[in-house]
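Some notes on the structure that comes next.
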Amino acid sequence: MEPIQLGNGDAEFIRKVEVESRQDMKKCYQCGNCAAGCPMSFTYDYTASQLIRLIQLGQRQRVLSSRAVWMCATCETCSTRCPNEIDVARVLDVCRHMARREGYAGERNVRLFADAFLQSVRMNGRAHELGLMAVFKLRTLKFFADLSLAPAMLLKGKLPFLPHRIKARNEVADIFRRFKEGRAEDAAGGKP
Amino acid sequence: MKIGVFICHCGSNIAATVDVLKVVESAKSMPEVVYAVNSMYTCSEPGQQAIEEAIKERGLTGVVVASCTPRMHEPTFRRTVERAGLNRYMFEMANIREHVSWVGKDKAANTAKAVDLVRMAVEKLRLDKVLIPKFIPATRKVLVIGGGVAGIQAALDCAEGGMDVVMVESEPSIGGKMSKLDKTFPTVDCSSCVLGPRMVDVAQNERIELHAYSEIASISGYVGNFDVTIRKKATYVDWDKCTGCGLCTEKCPSKKSYDRFNEGMGETTAINIPFPQAIPKKATITAASCRLLSGGKCGVCAKICTSQAVDYTQKDREITVKVGAVVAATGYDLMDWTVYGEYGAGRYPDVITSLQYERLLSASGPTGGHIRRPSDGREPKEVVFIQCVGSRDPSVGRPYCSGFCCMYTAKQAILTKDHIPDSRSYVFYMDIRSPGKGYDEFTRRAQEEYKAQYIRGRVSTVYPKGDKLVVKGVDTLVGEQVELEADLVVLAVGGEASQNAPKLAEKLRISYDGYGFFMEGHPKLKPVETNTAGVYLAGSCQGLKDIPSSVAQGSAAAAKVLGLLSKDKLESDPQTAGVDVKRCVGCRKCINVCPFGAIREVDMRGQIKAEVIEAVCQGCGLCTATCPQGAVQLSHFTDNQVLAEVEALCQS
């Protein structure tokens, strides 16, 4: 890999991450608490603390094309443990959004799953597992993956054939509409 | 009056953002100013000489220096004008550095503000009066609060200098945290071998009066004349009779008392002597665990005692002493490490603190110096040390570095290898902070010679698995998570200010910071002084520090005390309040508001009047601001002077 050019750090990238996540990247002193507790770390190319370091250095390309931002499960262990109270999970969330906006390939399957999930929520007001899996498998063509889990889930009543729709579906749909119109802030109820 | 004004450049500190020459020009037209000049560094020798010469040659009767804060150089310039024959109170200072050049960038605005401040100083100076200091007698005796290594050093040095010392220690024995340590870094010499003889010196020194198991109930008075009330807590043993033979501790049937000295690593008897080298070596009964004192039947210790020293009826009692100075050396506490649930602290017996580990290492500890796990008494082979537990962690309100943990952890890793040669130590660290003499070499020795495995990263969780503890964390240098099955986990718990520090600070009338550490007079130039005259600091109560630094501060505080009390009489500051009896209506408001008890009520032909005890008055001005009649006036800060300043400001 090419050496990181310290003088060419992308200040605009740092600023954007800071503004969108409302976190101060300078506060990180690289203790590693986030990386130590991360349950998804085994799937990462960079550890959580390394990602924060790369953001501090303005390494847009390395961060946004990393596998780690897509593998993060947003369990928020990192945010809970951070001694400097940086919401690391939120920072990674912001990076995921940026990566999509800026056309970084990312993990295709994770992206497809997220899309299928959101589509299901938009239509039903909540996730419809069977429909969600059907859409996901159609798009990924992975028809037999995880199929062995189906019988057990069926027995427990976790895979109803019809979606269980909530009452105020239009309100949920409204959130999606507002988000589409670019008012992400409003969609989240005005709070970050 | 002939006033001279000196405007300082302070190199570029002031001159960079204030047009100094313009200020000089403006000053020349101010009332009664006959001379105004700029100076590169007014506080330097040529700078001060210029003031002296101007006073002599131009017959100045008052001087204004516009430079830095008066807290920095007011005493300097007062001496300067005094050398040239002026009264030292015919001097005023305008702070155009901290209040102007350092806080604003707009040169025009800064210059205008500097001119205003100089004009105010000139107007105040015009109303200054010659003040002559008085001399007050001083008690040549010092109170040392805290008998840890810093307090011991201060007490011994004061006694060596011929000063009488009263030492107050809240625990039953002096020695402090150092007496709990097994060895000390970076020499790995035995802690009690170093400290023990000094503790004995305290006991044997005729000049030192020791009150162990005692607290400061109250302190009143002022520099040279403090009245101290010491509360001697009930020990239920007459220490004059107790010989420290220890027979009672052998026979006491209540053997499950929490062992404070051993940090709970063992249990002790209700009547006990904390450790073999204790000074004073006297027994104390812990009332809560004593069968007789908690309402039951017993009395074994009283029966067994050959000198009839046990006295179950003993009560707390108070004694008073008069001292001329105070050294606060109250040390520190460990922060509450149980807030870290992820390390299992407080839940798993084999997750212990570094100080508990010291007691396991110590030959006088509960295991006789054999490292044994608290859970099953087995000798641990894999020992994990976690650094920065409660240090550098803003999320628990402890953003500071405790300063000594890196070093004691390296020492404990070395000692672990010494005690158990086939053991392995792992140290999880963030940074290794070892700036002392021989310190970094020491941490390298722990790694190179004693094979301690240093892992740059944090631990995320500790949980039990069989009789082991699984430690999960990260090695950030590799960028991968790591895992280990350990036998013992030692947390390098950081320090914090003693719980009672703020209360004591209020009794001593000294300031403390947001964490409860006592504030020094100046971070660089007055490290052991406080802003209250006659009160000094030593050791970790001022901020966490290791043994060498604590001892150095103990000696420094002693030097300050010896210097202060080298004379029989102390010069008192004449900037005190005074009452105009004609105006005083006897409302007593000033008496209630005075924090120093410096105002008393007197009867004057049947009328109540306030009277200031000059020697006690600290010149704070609260009474002046409170008096509805304007009867109390603070000399050098009279209402008229303050109003003249306000007027100068409003008219500009």
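Computed from the coordinates by the stated procedures, all read-outs in this text should not be read as laboratory data. It should be emphasised that the depicted structure is a prediction, and the values quoted were computed from it without experimental measurement. We place every Cβ from the backbone using ideal geometry, glycine too, and count neighbours over all the protein chains shown.
A few remarks follow.
- Counting all C-alpha pairs of chain B, share separated by more than 42 Å (%): 42 percent
- Count of lysine pairs in region B:449-538 with Cα separation under 25 Å (8 or more residues apart, or interchain): 4
- Protection proxy ranking, highest mean first, for peptides B:338-344, A:7-13, B:120-126, B:201-207: B:120-126, B:338-344, B:201-207, A:7-13, where packing is the per-residue count of other beta-carbon atoms within 10 Å, averaged.
- Here B:K124 is the anchor, and the lysines within straight C-alpha reach of less than 20 Å, apart from those fewer than 8 places off in the same chain, are B:K2, B:K28, B:K113.
- Ranking of B:Y408, B:Y515 by neighbouring Cβ atoms within 10 Å, starting from the fewest: B:Y515, B:Y408.
- Residues B:E379, B:E171 arranged by fewest to most Cβ contacts within 10 Å: B:E379, B:E171
- What separates the Cα centres of region A:109-123 and region B:116-185 is a distance of 70 Å.
- Per-residue mean of C-beta atoms belonging to partner chains within 10 Å, peptide A:44-55: 2
- Counting only other chain Cβ atoms within 10 Å of each residue's Cβ, the peptide B:473-486 averages 4.
- In this structure the amide hydrogen of B:G221, modeled in the peptide plane, comes within under 5 Å of the amide hydrogens of B:D227, none closer than 5 places in sequence on its chain.
- Cysteines (scope chain A) whose Cβ has no counterpart Cys Cβ under 4.7 Å: A:C28, A:C31, A:C38, A:C72, A:C75, A:C82, A:C95
- Arranged from fewest to most other beta-carbon atoms within 10 Å of their beta carbon, B:C8, A:C34 become B:C8, A:C34.
- Protection-proxy order for peptides A:96-107, A:39-50, each taking the mean of Cβ atoms within 10 Å per residue, highest first: A:39-50, A:96-107
- Neighbouring partner chain Cβ atoms per residue of B:30-41, average, 10 Å criterion: 0
- For the protein assembly as shown, the dipole from Cβ point charges (+1 on Lys and Arg, -1 on Asp and Glu) about the Cα centre works out to 1960 debye, to the nearest 20.
- ³J(HN,Hα) computed for each position of region B:282-292 - Karplus, 6.51 cos²θ - 1.76 cosθ + 1.60, integer Hz, glycine/proline x: 9, 7, 9, 9, 7, 4, 4, 9, 6, 5, 6
- Surrounding net charge for A:A114, when Lys and Arg each add one and Asp and Glu each subtract one, Cβ distance under 12 Å: +2
- Selected from B:A54, B:V100, B:V65, residue furthest toward positive end of dipole (region B:3-126; charges at beta carbon): B:V100
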